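Take a look at the structure set out below.
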Amino acid sequence: MERTFLAIKPDGVQRKLIGEIIARFEKKGYKLVAMKYIVPTRDLAAKHYEEHKGKGFYEGLLDFITSGPIVAMVWQGKGVIATARKMIGQTKPLESECGSIRGDYGIEVGRNIIHGSDSLDSAEREIGIWFKEEEIFDYESSLDVWVY
Ligand code: RTP
Ligand code: MG
């Protein structure tokens, strides 16, 4: 089953949006299979955002993402990578559809609440950066028959 890496960024945590965000993915039908609450080290954040190294916003992005606790998660289910991106919205909250997380709760690109992997390759890479295999718990759910 497909998996993606999602992280509620420091602004999402500080603004008390953890429950709201997790509830959206649960209600959609996706399964939370790993989660940790951590302040990322700069090394970890740099590895995560290595594709942006050298860009103007890169150092500020690392400052921000290491500025407080985040909720790192792995979510599982059919089409979860693309669907989670749709549920998250565009990079810029003001360009995000209302109904998406960034469209409903954000204003600034540098405070856009949540991260989501953008492809199968990045999902696999990011899950490997943030979690060990033994920290991921898939389980049988009797509800699955009503989702699929
Ligand atoms: P993310 O990786 O955090 O899920 O966001 P994304 O795919 O929608 O956007 P991406 O292009 O990967 O950019 C990563 C994060 O960098 C910050 N950013 N700032 N000031 C700027 O122009 C700018 N552009 C990007 C955002 O916080 C973005 O989420
Ligand atoms: Mg990205």
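Read through the list (1) open to solvent by 90 Å² or more (accessible area, probe 1.4 Å); (2) under 27 Å from F137 (Cα atoms); (3) over 13 Å from the mean Cα position of the chain (by Cα), then give the number of the only condition that Y37 fails. So Y37 meets the others, but not (3).
Kindly check whether there is at least one residue in region 114-128 that is within 12 Å of ligand 1 (Cβ to nearest atom), more than 15 Å from the chain's Cα centre (by Cα) and open to solvent by 10 Å² or more (accessible area, probe 1.4 Å). Scanning region 114-128, I find no residue that is within 12 Å of ligand 1 (Cβ to nearest atom), more than 15 Å from the chain's Cα centre (by Cα) and open to solvent by 10 Å² or more (accessible area, probe 1.4 Å), so the answer is no.
What do you reckon, is K55 basic (K, R) and either open to solvent by 100 Å² or more (accessible area, probe 1.4 Å) or away from ligand 2 (no atom under 15 Å from the Cβ) (or both)? It would help to see each step written out before you state the result.
Details: basic (K, R): yes; either open to solvent by 100 Å² or more (accessible area, probe 1.4 Å) or away from ligand 2 (no atom under 15 Å from the Cβ) (or both): no.
It is false that K55 is basic (K, R) and either open to solvent by 100 Å² or more (accessible area, probe 1.4 Å) or away from ligand 2 (no atom under 15 Å from the Cβ) (or both).
Here P10 fulfils each of the conditions (1) over 17 Å from Y105 (Cβ atoms); (2) open to solvent by less than 30 Å² (accessible area, probe 1.4 Å) apart from (1). Selection of region 94-108 for residues being assigned to a helix (DSSP H, G or I) and either within 15 Å of the chain's Cα centre (by Cα) or of a type in the set (F, W, Y) (or both) yields I101, R102, Y105.
For the subset of region 91-113 comprising residues that are open to solvent by less than 10 Å² (accessible area, probe 1.4 Å) and β-branched (V, I, T), which member is nearest to ligand 1 (Cβ to nearest atom)? Going through the qualifying residues, I end up with I113. Residue-level analysis places F131 among those that are of a type in the set (F, W, Y), buried (at least 17 other Cβ atoms within 10 Å of the Cβ) and more than 16 Å from ligand 2 (Cβ to nearest atom). Among the residues making up region 58-90, those that are assigned to a loop (DSSP other than H, G, I, E, B) and open to solvent by 40 Å² or more (accessible area, probe 1.4 Å) are S67, K78, Q90.
The values are calculated or read from the model by the stated rules, or taken from the named source; none is laboratory data. Computed from a predicted structure; not experimentally measured. Every residue, glycine among them, receives a Cβ derived from its backbone with ideal geometry; neighbour counts consider all protein chains shown. Accessible surface is based on the protein model in full, side chains and every heavy atom, while ligands, DNA and RNA are left aside. Shrake-Rupley method; radii C 1.70, N 1.55, O 1.52, S 1.80 Å.
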